[in-house]
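In what follows, a structure is listed as structure tokens, so that the remarks can point back to it.
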Amino acid sequence: TQLLEQSPQFLSIQEGENLTVYCNSSSVFSSLQWYRQEPGEGPVLLVTVVTGGEVKKLKRLTFQFGDARKDSSLHITAAQPGDTGLYLCAGARDDKIIFGKGTRLHILP
Amino acid sequence: DAGVIQSPRHEVTEMGQEVTLRCKPISGHNSLFWYRQTMMRGLELLIYFNNNVPIDDSGMPEDRFSAKMPNASFSTLKIQPSEPRDSAVYFCASSSLFYEQYFGPGTRLTVT
């Protein structure tokens, strides 16, 4: 069974702090996506990474795909209350998509 | 673009009743996915269609669940009979690139 483990499960930090959340697997993926989900809504696609070692930036968010394409990280600089939400990673392989259970992030004003 | 449209947004029903969830994908997208989300199990893929044809239904829990996509602009997920353990949020998503999915707002199902 392909599993995507996300850590930490929960994170509560003060506005302005930096944070990193992780998405790990023992399987190789052809691509990996990060989504953010707010209460009462569906997940919203943030980014896709495809190449091992790839780094993508989206304003204060930095996404990295591991060299072996088995893991990924999301770093947020100077977190803001608007960053609060559930962050999900999803790996694509052999016409299958696996979602992690997510990191629930809460930014305190 | 209106995005993925799901109806109803909330459904409360009694055990044993039939439930039908509806989805209108984004125009031009050729893949459609049905997911179920719970706190315990996270987001689980139930079934996905490509060009209206079911490709992978290995996530459908049991015969009580069925899904159809009669045309490119409409899909249904039916549960008959419903059970309390089916209570969850059900999402529909569509995509043109298989792995980049656009989710609807979800249907919160409560079976009492």
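The values are calculated or read from the model by the stated rules, or taken from the named source; none is laboratory data. If you're wondering where the values come from, they're calculated on a predicted model, not measured in any experiment. Every residue, glycine as well, gets a Cβ built from its backbone with ideal geometry; the counts of neighbours run over all protein chains shown. Calculation scope for accessible area: heavy atoms of the full protein, side chains included, ligands and nucleic acids excluded. Shrake-Rupley method; radii C 1.70, N 1.55, O 1.52, S 1.80 Å.
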> In nm, to one decimal, how far is the residue B:30 label point from the residue A:78 one, both placed 7 Å along Cα→Cβ?
Replying inline: 4.4
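What's the average, rounded to a whole number, of partner chain beta-carbon atoms within 10 Å of each residue's beta-carbon in A:85-98? Please report the intermediate quantities before stating the final value.
Values: counts 0, 3, 0, 3, 0, 5, 1, 4, 1, 0, 6, 7, 11, 3.
Average per residue, whole number: 3.
Once you list every other residue whose beta carbon is under 11 Å from the beta carbon of residue B:43, what net charge do they have if Lys and Arg are +1 and Asp and Glu are -1?
Values: positive: A:101, B:36, B:41; negative: B:44.
Local net charge: +2.
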>> Less than 14 Å Cβ to Cβ from residue A:31, Lys/Arg counted +1 and Asp/Glu -1: what total charge do the surrounding residues give?
In response: 0
> If you project the alpha carbons of the protein assembly as shown onto the principal axes, what extent comes out on each, in Å, largest first?
Replying inline: 49, 36, 36
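Please sort by residue number the trypsin sites (Lys or Arg not before Pro) in segment A:1-107 whose DSSP state is loop and whose Cβ has at most 14 other Cβ atoms within 10 Å. Numbers along the way, then the final one.
Values: sites: A:36, A:56, A:57, A:59, A:60, A:69, A:70, A:93, A:96, A:101, A:104; in loops: A:59, A:60, A:69, A:70, A:101.
Passing both the DSSP loop test and the Cβ count: A:59, A:60.
Other chains' Cβ within 10 Å of B:98-109 residues: what's the mean?
Values: counts 6, 15, 7, 7, 4, 7, 2, 3, 5, 0, 1, 0.
So the per-residue partner count for this stretch is 5.
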>> On the principal axes of its Cα set, how long, how wide and how thick is chain B? Give whole Å, largest value first.
In response: 38, 27, 26
> Looking at segment B:7-46, which GluC sites (Glu not before Pro) are DSSP coil and have at most 14 other C-beta atoms within 10 Å of their C-beta?
Replying inline: B:14, B:18
>> For peptide A:36-45, what's the mean number of Cβ atoms from other chains within 10 Å of each residue's Cβ?
In response: 5
> Who wins for biggest fluctuation among B:37, B:17, B:101 in a Gaussian network model of chain B, springs between alpha carbons below 10 Å?
Replying inline: B:17
>> Apply the Karplus curve 6.51 cos²θ - 1.76 cosθ + 1.60, θ = phi - 60°, to the phi angles in segment A:98-107 and return the couplings in whole Hz, x for Gly and Pro.
In response: 10, 9, x, 7, x, 10, 8, 9, 10, 9
>> Over all directions, the average projected area of the alpha-carbon convex hull for chain A comes to how many nm²?
In response: 6.4
> What's the longest piece of chain B with no exposed trypsin sites (Lys or Arg not before Pro), counting a site as exposed if DSSP puts it in a loop and it has at most 12 other beta carbons within 10 Å?
Replying inline: B:42-112
> Anyone know which of B:31, B:96, B:58 comes out most mobile in the 10 Å Cα GNM of chain B?
Replying inline: B:58
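Determine the per residue accessible area of chain A with all protein chains present and a 1.4 angstrom probe, expressed in square angstrom. Mind dumping the intermediate values first?
Numbers: 5350 Å² over 109 residues.
Spelled out: the 1.4 Å probe surface of chain A, per residue, equals 49 Å².
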